[in-house]
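The values are calculated or read from the model by the stated rules, or taken from the named source; none is laboratory data. Predicted model, so just to flag it, every value in this text is computed and none were measured. Please note: Cβ atoms are built from the backbone with ideal geometry, for glycine as well, and neighbour counts cover all protein chains shown. Surface areas here come from the heavy atoms of the whole protein model, side chains and all, with no ligands, DNA or RNA. Shrake-Rupley method; radii C 1.70, N 1.55, O 1.52, S 1.80 Å.
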Amino acid sequence: MNIEELKNKLKNYEKKDIIITPHAEIQAYMREIELNEVKNNIINPRKLVYANEQEAKKSNEKKYDCYFAYSKNLCHRYILTLNRKVIIVTIIKINRDWQRIINK
């Protein structure tokens, strides 16, 4: 999938359409990431720089591994499942040169 296509898909959702799993909520807390910031990144995905589609469990879902860049050495990585809602499966903060991770 083209990154611009995914950005356009995400722009169609609102904050009320975002579900954060308990696992993702714990991970955000442990990594000192504000949940409101995560939701803002989803509905306004201008920081989204890379996404890789993954295999979803259900046929009516799409699953993505997404990277939201803040700087060369800081990004947030979210695993998202899209159907009628956005389900945030996990949240990871990367504090190193994340571009090499993507290039692998």
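Of the conditions (1) touching a Lys or Arg at 6+ places or on another chain (Cβ under 8 Å); (2) touching a residue at least 24 places away in the same chain (Cβ under 8 Å); (3) of a type in the set (Ser, Thr, Tyr), residue 70 satisfies every one except a single condition; which number is it?
Here residue 70 meets the rest and fails (2).
Mind checking which residues of region 35-52 are under 16 Å from residue 89 (Cα atoms) and in contact (Cβ under 8 Å) with a residue 40 or more places away in the chain?
38, 42, 51
Residue 32: open to solvent by 60 Å² or more (accessible area, probe 1.4 Å), closer than 15 Å to residue 90 by Cα and modelled with pLDDT of 95 or more, yes or no? If you could, list the steps in order and put the result at the bottom.
Details: open to solvent by 60 Å² or more (accessible area, probe 1.4 Å): yes; closer than 15 Å to residue 90 by Cα: yes; modelled with pLDDT of 95 or more: no.
No: the conditions fail for residue 32.
Take the residues in region 42-65 that are out of contact with any Leu (no Cβ under 6 Å at 6 or more places or on another chain) and open to solvent by 80 Å² or more (accessible area, probe 1.4 Å), then tell me which one is nearest to residue 13 (Cα to Cα).
Restricting attention to region 42-65, the residues satisfying the condition of being out of contact with any Leu (no Cβ under 6 Å at 6 or more places or on another chain) are 43-44, 46-50, 52-61, 63, 65.
Okay, now just the ones that are also open to solvent by 80 Å² or more (accessible area, probe 1.4 Å), so 46, 53, 55, 57-60.
Working: 46: 14, 53: 18, 55: 21, 57: 21, 58: 20, 59: 20, 60: 17 Å.
Among them, the one singled out is 46.
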